[in-house]
Structures are given as structure tokens and as C-alpha cells.
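What follows is one structure encoded as C-alpha cells, with my remarks underneath.
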Ligand SMILES: [Zn+2]
């Protein structure tokens, strides 16, 4: 079983067992009629904190549902058959992954998906739609999805991924139609193990990255392998100190925001360039003869549309990067709060490599001041989520943090 697709999940034994049991139940029910509470369901909601592997769990489950290997051959979810490998590679004709390009999934996009998903499966056992970031569905898109989930076609399965079952993440109506499985934050030991076994990292690096990753597998991998990711983390954490120095505070704000933007550019630029090039080639092809004038009139709109999507994708990447930095900062203050309030070793620190700096901060700032710092960071995250300009939001946070810490000195 460990060689099967579910081996990609980190520290999620309970969910793995549940999904595997459902995939087994589904294959022993050729008529797809046994959609019971304990067995298979047409709609699933997979929740879990960022980095716990929601979309990986969904794709693994999709592979297990499509798997053509016998039980004796490691099925369902053997990881070796054609159905498993194509699903995992994203090329299975009956598995669709909906990944929001920008800040939300719109109603038109969802209608088109629902329509394709309602067809009978081609080669696979099921027609499967994985909706990553279902929390980014617009209201219209959620309603379009709800309609089909309420009366699902016999061979269609929807796998929705969201951070939590909170109504802000998933509409109550939609949630009530789904069977729910919840991933947990993987323990550092499990993350370190994966970094060693799958990524070939040494024990020391793997342990460090797993310990400071906040339970985010992808982030642990980046911190272990990318010096720039390590630098960005340092910069975010140094804001805790610099906020208390008025001459440094403004520069620190600019640096933090700029770092998030450049990280987002690095992540999205290459893909954007390829897309633009492909689109230009497609539009340029066959550009003579009948209908050319009409094509040209449409061209500007198509390019503008792509640019809009790319801009939106970059905004989101930049917001995510900034959010990550803010979580680092909040957990740094939390470490100081814990260090001030509890004897060493009671709680596991989020930043075990910063113990000295954290202890120094704890000795200067009282718990209620540290609490005010944490609140300021959380308010900043809320402000960013509500579309406040990053420089304003981060600036306000640094001002509050600075004041709290200066008063405490
Ligand atoms: Zn298989």
C-alpha cells in the first residue's frame, strides 16, 4: 500500500484509510447505486490547513477511483496502472482539475465545467471534477455547482477542496451535499521524513525546514532548497525588531511588500510569457484571407482578457506571499508570548532556530504587548483580504507593533 498513490500524502493516515475504503466500496458497486454514508458519494469536501495536501488528497482519491488494478495488484490506487499514472500526471481524460487562475472561479467557467462533467466517462470508471480552492467560487459559480451536486449524473464525482467548513470558505448549502474529510496539519517528523526520502535532503536540513514550516509541506521543501525563500523568512521575522526602530520601520515595510511582489513575479512571469507567446502565435496563424478583419477586431479583446487574468493571478500570488510572511511574524510573536508565559519546553516553538531572539523579545515586552502585536498582524491579514493596499495595511501594522514594543522597552 505504501507504494500506492496515497504515499504522497504526509501524515494523513485517517483520511487515507477513509478515501481508500470509499474507493473500494465504489468498485464493488458496479451499478453505482450504493451511495451510502459509509461508502461512496458523488460529492466530497476535502478540507485542511494550507500546505496539508488538500489538492494532492483529491487527486490521489481520483486516481484510486479510476484505478484499473485488481486488489491483488495494489488497487485501488496502485500508482502504477495507466489510470493512476495519467490521473496523477493530470492527463486522464475523465479527470478535470479546476484551478482558479485569479482571485475567484466565475460562473461561466463553472457552467462549462458542469456541462462537461455531466457526460458519461470516456475510458475511466467515473467522470471526476476536482475543484481546488472551492473557497474562491463566486456565489454564481457555487450555485451552478450546487445544482449539479443536488442531482448528480450517475457516474460523476465532484471533489471540492477548501481550507475549512467555515461558511466563508464553502457555502452551507454546498457543504451539506458533500461528504466531508478533514486533513490535519502534518507533524514536523512526517514532513522531515518526506524531505529525506522523496527529496534526498540531509537529516539536519530536513529537520530544520520541517520545524519552521508551520506544517506546510511545500513551504518546508522550498525553505530547505531555496536560499531566497530562507532570506524572505528572515526578512519577515526581522520586521519584529525593526518595527520598534522608527528610522528603520518604513524601509522595512517597503522591503516586505516588495519582496512579496517579486516572489509573485518569479512564480508567475515565466508562465505568463509562454501564454502570451502562444496566444500571439495562435492569433497570428492564418491571418490572411476571408474573415481576417473580424479576427483582428476580436484580437485586442482576447489579449486584454489574457492580460487581465495574468494580472489577477499575480495579485493573488503576491497576496499569498505576503500572507505567508505575516503568518511567520504572528507565530514569532506567539513564540515570544509562550516563552514569557510558560517554562521552556512546554509548547513546541514555531521558530526553534530563533530561540535567543525570541527570549530577548520576551524579556523586554510584556505578554499583553506581545498580544497586541499578534492582533496587529491578524488585523493586517484581514485588511489585505478585504483588498486594502498592501503598503497601507502593512504600514498600519508596523506602526502598532512599533508602538507596542517601544512602550515595552
Ligand atoms: Zn492504479
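Could you list, in sequence order, the residues of the range 194-212 that are more than 20 Å from the chain's Cα centre (by Cα) and in contact (Cβ under 8 Å) with a residue 40 or more places away in the chain? If the condition is that a residue be more than 20 Å from the chain's Cα centre (by Cα) and in contact (Cβ under 8 Å) with a residue 40 or more places away in the chain, then 208 is the only one that fits. Annotation: of all residues in the range 85-110 being modelled with pLDDT of 90 or more and away from the ligand (no atom under 15 Å from the Cβ), the one that is surrounded by the fewest Cβ atoms within 10 Å (Cβ to Cβ) is 93. When residues in the range 24-58 are screened for being farther than 13 Å from residue 156 by Cα, modelled with pLDDT under 90 and touching a strand residue (DSSP E or B) at 6+ places or on another chain (Cβ under 8 Å), 1 of them pass. Go through the residues of the range 217-226 one by one and say whether even a single one is within 21 Å of residue 48 (Cβ to Cβ) and over 18 Å from the mean Cα position of the chain (by Cα). No, that holds for no residue.
Against the condition surrounded by 14 or more Cβ atoms within 10 Å (Cβ to Cβ) and outside any helix (DSSP H, G or I), how does residue 388 come out, does it pass? Considered against the rule, which asks whether it is surrounded by 14 or more Cβ atoms within 10 Å (Cβ to Cβ) and outside any helix (DSSP H, G or I), residue 388 comes out as yes. The listed residues are 118, 164, 176, and the only one of them that is surrounded by fewer than 18 Cβ atoms within 10 Å (Cβ to Cβ), modelled with pLDDT of 90 or more and in contact with a strand residue (DSSP E or B) (Cβ under 8 Å, 6 or more places away or on another chain) turns out to be 164. Out of curiosity, is residue 165 assigned by the TED database to the domain that holds residue 91 and more than 21 Å from the chain's Cα centre (by Cα)? No, not satisfied. Condition check: in contact with a helix residue (DSSP H, G or I) (Cβ under 8 Å, 6 or more places away or on another chain), buried (at least 17 other Cβ atoms within 10 Å of the Cβ), modelled with pLDDT of 90 or more and part of a helix (DSSP H, G or I). Does residue 191 satisfy that? Taking the combined requirement at face value, the residue satisfies it. Note on the range 130-157: residues that are in a strand (DSSP E or B) and more than 24 Å from residue 313 (Cα to Cα) amount to 2.
The values are calculated or read from the model by the stated rules, or taken from the named source; none is laboratory data. Note that this is a predicted model, so its numbers are computed, not measured. With ideal geometry, Cβ positions are generated from the backbone for all residues, glycine too; neighbour counts draw on all protein chains shown.
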